[in-house]
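Undergrad: Structure in structure tokens, see below.
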Amino acid sequence: MALVQFISAKKAINLTSSSSIASVGVDFTLSCISNVLSIVFIRDGNVVCTITGDNSDGTCRFFGSSNENYQYRCNDKVGVYNLTIPSSYDIDTLHGSNWRCSVPSIPTNSPVVELYVYVPITQVYIATKPTNDNLGIVVNRSKTFTCTTNAGRPSSMIQWYKSTDNITGLAILQPDTSCNNGKCRSSSELTYTGFKSDDGKVIYCTAVNGKGQTVRSQNKSIVIWYGPSNVTISSQTLKYTVNESTGSVGPVTCKAHDCKPECEVRWIGPKYTGDTSMTSSVLYLRNLFRNQTGNFFCSASNQAWNKTSIYISVIVNYRPTKVTITPSSQVYTVQETTDSVGPISCTADCTPECTMTWNGPNIPDGTTSVLNLQNIDRNQAGDYRCTATNVIGSEMSFIVKIKVMYGPEQVNIEPNTLIYMVIETTGDIGPITCTAECNPNCSMSWTGPNIRSGALSVLHLQNIDRNQAGSYMCTAINTYGSKTSSTVSVIVECEYEILY
């Protein structure tokens, strides 16, 4: 508040003011009342003017110079001498100054007036913090508003309103800023939480200091952002089972409800992101591939929130296109009886799941996706393949070749005659063929008396003589064993005797 402080007073001289508070833009008059004809106006210890009486027109007579910024009126008949600071003068520069009037010869006997200048506020500013004026307020979230005055004296009282409701209780008064000689900017912060019912209302603030009029800020519109409340899809079918390349899903329309601002809507799923559109979006999948198996959903979002629809499950059925063998060996070479082949696993990528079947010579009962041949024998040598089959189609693996190695078990001779009787020089024996089953092939050799070189698997004795009489045998041999045939006896008859 403005203050006029009287520090001392004498009955012979007094100093009064036209108002207890000086105001910017308003004349302010100091009146010195004295029964002495000559008086002195002093400001902050410095002489402003010395008045020695009045003129007939009511002006004053001066001794020496006077401050021409001020206006003076004198009436020495009643002892009243006025110094007026006009409204056109920047009186704010005189705030806090000390004034007195006195008799020139007795400067200490006058009262003192301390000038308090009231500066009313003229503007109130409202803003958001940070200053994103164009953004809405998300429902149930907060935004801070600031209300600031221009500089005034004294400090201002600030009130907040939401349309017609006073909500000052939600605000916090901030410390004055930009203070200069007691003239400050006042401010307040309001933290407002958005409610959907407030959409379209306004927030503003008012401020008043001292005896001035209340000044109101501009309105800030309350724009509440919310939603989506729900995301719906048009299809009643939530599970689709289709065949690869030919199957399709849709069209299925997705719609977002109760959005502000308007929601962006799009479908999302495996290997698929639909174009973003406003309000609604359509899912239409054609010629589906296996990598699109999975869940598809619709997403709706705006600056306030996002929400998704229920899922649509898509299952893409497809035939096997490749059958994988593990380990990947294509040829196995094993020894009969002692060696094994496997386990060899057969797998395939297919939906629905494939049935796996091995095909080959003498596969053990119960064999499915794993081939396991224990203590293998020769009748299991050959080509093996795995087939993957489902309702869409089938596919075969590459050939797995199994080679079973074994030695001879029996040596056969043909013809199967074990005793030959021939006449010397004229008789012949053979050809007698020697064979054996073995893998790898056996080397065949005949042994007996005086066999000519070159007798391998076939024994052929021509023009036989007596020194070829005796026992003959055929031997079959390979890496895995050897075997000898039955004995073939040759009896050579002479004209006069029989030779054994």
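Undergrad: Grab the Cα-Cα distance for N140 and T214, subtract it from 0.36 nm times how many residues apart they are, and report the gain in nm with one decimal.
TA: Values: separation 74, 0.36 × 74 = 26.64 nm, distance 3.19 nm.
Using 0.36 nm per residue and subtracting the Cα-Cα distance, I get 23.5 nm.
Undergrad: Let me make sure I get this right: for the stretch 28-110, a, b and c are the square roots of the gyration tensor eigenvalues over alpha carbons, sorted descending. Under 1.5 in a/c it's rounded, otherwise prolate if a/b > b/c, else oblate. Which is it?
TA: Details: a/c = 1.83, a/b = 1.24, b/c = 1.47.
Verdict is oblate for the stretch 28-110.
Undergrad: Right, next: Assign one of three labels to the stretch 184-339, namely rounded, prolate or oblate, based on the Cα gyration tensor with a ≥ b ≥ c the square roots of its eigenvalues; rounded applies when a/c is under 1.5, prolate when it is not and a/b is larger than b/c, and oblate otherwise. The partial results should precede the final answer.
TA: Numbers: a/c = 6.10, a/b = 2.92, b/c = 2.09.
Taking the square roots of the gyration eigenvalues as a ≥ b ≥ c, the stretch 184-339 is prolate.
Undergrad: Next up: Just order 169-175, 85-91, 314-320, 380-386 by mean Cβ neighbour count inside 10 Å, highest at the front, would you? Walk me through the numbers before you get to the answer.
TA: Values: 169-175: 12.9, 85-91: 15.3, 314-320: 20.3, 380-386: 18.7.
Top to bottom by mean Cβ count within 10 Å: 314-320, 380-386, 85-91, 169-175.
Undergrad: List the residues, sorted by chain then number, that are 5 or more residues from V411 or on another chain and whose placed amide H is less than 5 Å from its amide H.
TA: none
Undergrad: Next question, about the same structure. Using the Kirkwood formula on the Cα atoms of the stretch 126-182, what hydrodynamic radius do you get, in angstrom to one decimal? Let's see the in-between values first.
TA: Details: mean 1/r = 0.0739 Å⁻¹.
By the Kirkwood definition, the hydrodynamic radius is 13.5 Å.
Undergrad: Based only on Cα atoms, what mean projected area does the convex hull of the stretch 80-217 have, in nm²?
TA: Numbers: hull surface 46.9 nm².
Mean projected area for the stretch 80-217: 11.7 nm², to one decimal.
Undergrad: Whenever you get a sec, compute what percent of the accessible area on the stretch 336-390 sits on carbon and sulfur atoms (1.4 Å probe). Don't skip to the answer; put the middle values down first.
TA: Numbers: 1190 of 2730 Å².
Here carbon and sulfur together make up 44 percent of the probe-accessible area.
Undergrad: Per 0.36 nm of contour for each residue apart, how much would the distance between N243 and S88 grow if the chain were fully extended, relative to their Cα-Cα spacing? Intermediate values should be presented prior to the final figure.
TA: Numbers: separation 155, 0.36 × 155 = 55.80 nm, distance 9.27 nm.
Computed gain between N243 and S88 is 46.5 nm.
Undergrad: If you don't mind, there's one more thing I want to ask. Among the listed pairs K77/K211; K401/K483; K196/K307; K129/K201; K162/K255, give every one whose C-alpha distance is greater than 25 Å.
TA: Numbers: K77/K211 37 Å; K401/K483 28 Å; K196/K307 18 Å; K129/K201 19 Å; K162/K255 34 Å.
Pairs exceeding the cut-off: K77/K211; K401/K483; K162/K255.
Undergrad: For the pair D44/H460, report the inter-label distance in nm, with labels modelled 7 Å from Cα in the Cβ direction.
TA: Taking the simple label geometry, D44 and H460 are separated by 15.0 nm.
Undergrad: Pull out a ≥ b ≥ c, the square roots of the eigenvalues of the alpha-carbon gyration tensor of the stretch 373-500, then state rounded if a/c is under 1.5, prolate if not and a/b is larger than b/c, and oblate in the remaining case.
TA: Numbers: a/c = 4.56, a/b = 3.83, b/c = 1.19.
Verdict is prolate for the stretch 373-500.
Undergrad: Using packing as a proxy for protection, rank 360-371, 115-126, 395-406 so that the peptide with the highest average count of other Cβ atoms within 10 Å comes first.
TA: Working: 360-371: 13.5, 115-126: 19.9, 395-406: 17.5.
Output ranking for 360-371, 115-126, 395-406: 115-126, 395-406, 360-371.
Undergrad: Cα centroid distance between the stretch 25-60 and the stretch 329-388, in Å?
TA: If we compute the Cα centre of each part, the gap is 128 Å.
Undergrad: Using the Karplus curve 6.51 cos²θ - 1.76 cosθ + 1.60 with θ = phi - 60°, what ³J(HN,Hα) values do you get for each residue of the stretch 256-266, in whole Hz, with x for Gly and Pro?
TA: 9, 10, 6, 10, 8, x, 4, 7, 8, 10, 7
Undergrad: Suppose R0 equals 56 Å. What FRET efficiency, 1/(1 + (r/R0)^6) with r the Cβ-Cβ distance, do Q335 and M421 give to the nearest 0.05? Show your work: numbers first, answer last.
TA: Numbers: r = 43 Å, r/R0 = 0.78.
About 0.80, to the nearest 0.05.
Undergrad: Set the Förster distance to 60 Å, then compute FRET efficiency between H257 and N379 from the Cβ-Cβ distance, nearest 0.05. The partial results should precede the final answer.
TA: Numbers: r = 73 Å, r/R0 = 1.22.
Working from the Cβ atoms, E equals 0.25.
Undergrad: Using a 1.4 Å probe, what is the accessible area per residue for the chain, in Å²? Write out the running numbers ahead of the final one.
TA: Numbers: 26440 Å² over 500 residues.
Per residue, the chain has an accessible area of 53 Å².
Undergrad: What number, in percent, do you get for the relative contact order of the chain if the mean sequence gap of Cα pairs under 8 Å and at least 6 apart is divided by its residue count?
TA: 8
Undergrad: With N set to the number of residues, divide the alpha-carbon radius of gyration of the chain by 2.2 N^0.38 Å and report two decimals.
TA: Rounded to two decimals, the normalised Rg is 2.63.
The values are calculated or read from the model by the stated rules, or taken from the named source; none is laboratory data. None of the values given here were measured: they were computed from a predicted structure. Cβ: placed from backbone, ideal geometry, glycine included. Neighbour counts: every protein chain shown. Ligands, DNA and RNA are stripped out before the accessible areas are found, and what is left, the full protein with its side chains, is counted by its heavy atoms. Shrake-Rupley method; radii C 1.70, N 1.55, O 1.52, S 1.80 Å.
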